[in-house]
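Inspection log for the structure reproduced underneath, given as structure tokens.
No lab work stands behind these numbers, since they all come straight from the coordinates. Not measured: the values here are computed from a predicted model. A quick note on method: Cβ atoms are made from the backbone with ideal geometry, for glycine too, and the neighbour counts reach across all protein chains shown.
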Amino acid sequence: MVAFLRPFCAKVAALTALTVLHSALAVVPAIAGQRLIDDGVVRGDARTVWLLGAVLVAAGVCQGLLALAAMRFSTALGADMVCALRAEMYAHLLRQSPGFFTWARTGAVVSRLDGDVTGIERVVTTTLPSAVGALVTLTTALAATVVLEWRLALTILILAPAMYLLASWFGKALKTVGRHRMEAQAELNSLVAERLTPGGIELVQLFSEPGREISAFAARSGRARNLAVRHSALEGGAHASMICLMTGTTAAAYVVAGNGVMTGSLSLGTMVALLTLLARLYGPLASLPSLKADIVAGQLSMARVWEVLDFLPLVTDPLHPLDLPARRAQGAHVAISGLSFAYPPKRAAVLESLADSSEQDQGPRTVLKGISIDIPAGTTVAIVGPSGSGKTTLSRLLLRTWDPGAGSIRIDGVDLRDLRLSALRSVIGVVPQEPYLLQGTIRANLLLADPGAGERELLAACRTAQLLPLLARLPEGLDTLVGGRGTRLSGGERQRLSIARLLLQQPRVIVMDEATSHLDPRTERELRHALTHVLHGRTCILIAHRLETVRDADLILVMEEGRVVETGTHDILARSQGAYAKLLGQGSRPRCGVQGNERRLPC
């Protein structure tokens, strides 16, 4: 925390100085009021009354101006801190592996990025200044009380430990309840984030009963409500205890000071000053429980934020990254040697506090076993096989979203783990089976691949991807909003938009994972024909279930249960009566609704 606050030390120092001055001035009215009564009112000195009255007004104005300045510094400091901390946390989350977000609850992650960061802001800009102000006020008021009447000060010194013990007890209870309250709110946020999306709401409406969903929401909302009420009750109990203690002490102070005035051991002005100082002392003492609760809440927020920042990504840049050799051709040589991979357990991929506790950790799950493939530059290689055979996992390792457990993947002779991640992902482009589009326009999603692309480049990529007919139908063309995750577009339109984005990236190695699975046969044929010229000379890896899309590949690999069981061209494999021939035989049955000679594997 100290390291994080270092860039803000000037503003922190200014805020502390303003707070100290504002709090120190709190005793001025009591001292000036004493002199005004004893030296002015009692003696009938009007000049002293006016002069000390002016001092009281000046002290009040100074306190007001200092409070205003402190508020402005506090607001500026809080805003700067929130921006810096959120940016640091967001950048750290962007470096996490996809497995982190596979296991993590979305609402819990958002809660860390929003609520907990705001909690730290409140501690630094509100709670700590209040604590400093309370300490300064308590010290100065107590010192003035000792000077005026040490016996009354002794009474207050006896009262302070009792108040602190109460604050400590309530603070421990508030810390426990506060932690459970944050967890309950994160669970509620996760439920809402999952259900209230286009895909989530459709799933709920198709397969779940409204009553069951409402009951689940009400149960989580009720738990959050009960914890909030309990938290408030503890704060109220702490406040009520302080009031009882302060009321008794005030009564005792009035009796002692009144007897002092009647016996002549105290002046009237001193009595008023002591009671004024007593009120000043009550403020800091009464704030102990709330300050304790706020500091405890801030500690929880800090712990939750730093827990995320301290969780290292599974995939990181090497200490001494290498560069790829100078480009000799459009494509790149890909060599996979002895590759094995098992998805890591949940505890290794994500923080336990962010993961869904209801889902059991099954431990490592082996997906790829000893795969070796050599793909010369400019070659088109197809990977086929049944679902679950490891095809998509292999594509993820090529992008280094995961690191292999054994073996290596090299591009132009350089191991992927020795390359800078940004350089690697500029060399390899992928079109997934289910493309993810960001909420925004078609143009914005295309510019992710090439922020400097102009209108001509965007339209050229759309033309190749067979998107121009769609743009012609849309009144706003490239500036049409696609909706959250692209839900305003069909599956085929999202795939074509993803292909256009890939074309703008112009990578040397292209991975297409069922990239045309949502297209009708005619559009698919036209798109394949249009891509032939653009992809010529690049290294292409096609992952497919539909075998008609891979017939022209230079090499076909057949995978089963994480292993490559056959390799060869379409003609050789079709005659071999092996695994590929079996897949080809399954594909001889037309898919329902497909006319003509199109043959497809069942989904």
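How much FRET efficiency would the formula 1/(1 + (r/R0)^6) give for VAL57 and VAL229, where r is the Cβ-Cβ distance and R0 is 56 Å, rounded to 0.05?
E(calc), rounded to 0.05, equals 0.80.
For an R0 of 25 angstrom, estimate the FRET efficiency from the Cβ-Cβ distance between SER408 and SER387 and round to the nearest 0.05.
0.40
Where does the chain land at 222 nm, in deg cm²/dmol rounded to the nearest 500, when only DSSP H runs of n ≥ 4 count, each adding -39500 (n - 2.57), divided by all residues?
-19000 deg cm²/dmol
Give the total of Lys-Lys pairs in the chain with Cα-Cα distances below 19 Å; include a pair only if its members are 8 or more places apart or on different chains.
Close lysine pairs under the 19 Å cut-off: 4.
For the range 514-580 and the range 17-71, compute the distance between their C-alpha centroids and round to whole Å.
If you average the Cα positions of each part, the centres end up 87 Å apart.
Sorted by mean Cβ packing within 10 Å, highest first, what order do the peptides 420-429, 225-234 take?
420-429, 225-234
Calculate, for THR176 and ARG528, the FRET efficiency according to 1/(1 + (r/R0)^6) with r their C-beta to C-beta distance and R0 60 Å; round to the nearest 0.05.
0.45
Enumerate by residue number the GluC sites (Glu not before Pro) in the range 446-552 meeting two conditions: DSSP loop (anything except H, G, I, E, B), and at most 11 other Cβ atoms within 10 Å of the site's Cβ.
Passing both the DSSP loop test and the Cβ count: GLU476.
Taking a ≥ b ≥ c as the square roots of the Cα gyration tensor eigenvalues, with a/c under 1.5 meaning rounded and otherwise prolate when a/b beats b/c, else oblate, which class fits the range 74-123?
oblate
Take the Cα of THR316, step 7 Å along the line toward its Cβ, and report every residue of the range 79-101 whose backbone nitrogen sits under 19 Å from that point.
88-101
Considering only DSSP beta bridges whose two residues both sit in the chain, what percent are antiparallel, to the nearest 5?
50 percent
List every residue whose amide H lies under 5 Å from the amide H of LEU419, counting only residues 5 or more places away in sequence or on a different chain, with H placed 1.01 Å from N in the peptide plane.
Under 5 Å from the amide H of LEU419 lie the amide H atoms of LEU322, each far enough along the sequence or on another chain.
Put +1 on the Cβ of every Lys and Arg and -1 on every Asp and Glu Cβ in the chain; which of GLY44, GLY378, ALA144 then has its Cα farthest towards the positive end of the dipole?
GLY378
Want the number for THR487 to ALA46: 0.36 nm per residue separation, take away the alpha-carbon distance, what's left?
150.7 nm
In the set [x] 211; [y] 295; [z] 170, which value of volume of the Cα convex hull per residue in Å³ was calculated from the structure you see?
Matching entry in [x] 211; [y] 295; [z] 170: [x].
Enumerate the calculated ³J(HN,Hα) couplings along the range 337-343 in order (Karplus 6.51 cos²θ - 1.76 cosθ + 1.60, θ = phi - 60°), each rounded to whole Hz, writing x wherever the residue is Gly or Pro.
10, x, 7, 9, 7, 10, 4
Please report how far the C-alpha centroid of the range 411-425 lies from that of the range 300-317, rounded to the nearest whole angstrom.
25 Å
How long is the gain from MET71 to ALA17 if the chain were fully straight, where each residue apart is worth 0.36 nm and the alpha carbon distance is subtracted?
Taking 0.36 nm per residue and subtracting the Cα distance, the gain is 18.2 nm.
Give me LYS292, LYS175 ranked fewest to most by other Cβ atoms within 10 Å of their Cβ, as a rough exposure proxy.
Exposure proxy ranking, most exposed first: LYS175, LYS292.
If I model a spin label as a point 7 Å beyond the Cα along the Cα-Cβ vector, how far apart are those points for GLN439 and LEU471 in nm?
2.6 nm
Helices from the chain with mean Kyte-Doolittle at least 0.0 and a Cα length along the axis of 18 Å or more, per DSSP H: which?
Those that clear 18 Å and a mean of 0.0 are 9-24, 46-94, 128-148, 150-195, 210-263, 268-286, 288-309.
Non-local amide H neighbours of ASP513 (under 5 Å, H modeled in plane, Pro and chain starts lacking H): which ones?
VAL431, GLN433, ILE543
Say the dipole of the chain comes from +1 at the beta carbon of Lys and Arg and -1 at that of Asp and Glu; which of LEU542, ILE295, TRP169 then lies farthest toward its positive end?
LEU542
If you average the sequence gap of Cα pairs under 8 Å that are 6 or more apart and divide by the length of the range 8-309, what percent do you get for the contact order?
33 percent
Report the rotationally averaged projected area of the range 8-309 based on its alpha-carbon convex hull, in square nanometres.
20.0 nm²
Mind putting a number on the dipole of the range 296-446 about its Cα centre? Charges go on the C-beta only, +1 for Lys and Arg and -1 for Asp and Glu, and I need it in Debye to the nearest 20.
420 debye
Can you tell me how much longer the chain between VAL255 and LEU309 gets when fully stretched, taken as 0.36 nm per residue apart minus their C-alpha distance, in nm with one decimal?
13.8 nm
With labels modelled as points extended 7 Å from the Cα through the Cβ direction, what inter-label distance (nm, one decimal) is found for ARG6 paired with LYS582?
6.2 nm
What distance in nm separates the two pseudo spin-label positions at LEU196 and VAL132, each 7 Å out from Cα along the beta-carbon direction?
Those two pseudo-labels are separated by 3.9 nm.
Quick check: net charge around ALA131, other residues with Cβ under 15 Å of its Cβ, Lys/Arg +1 and Asp/Glu -1?
My count for the surroundings of ALA131 gives +1.
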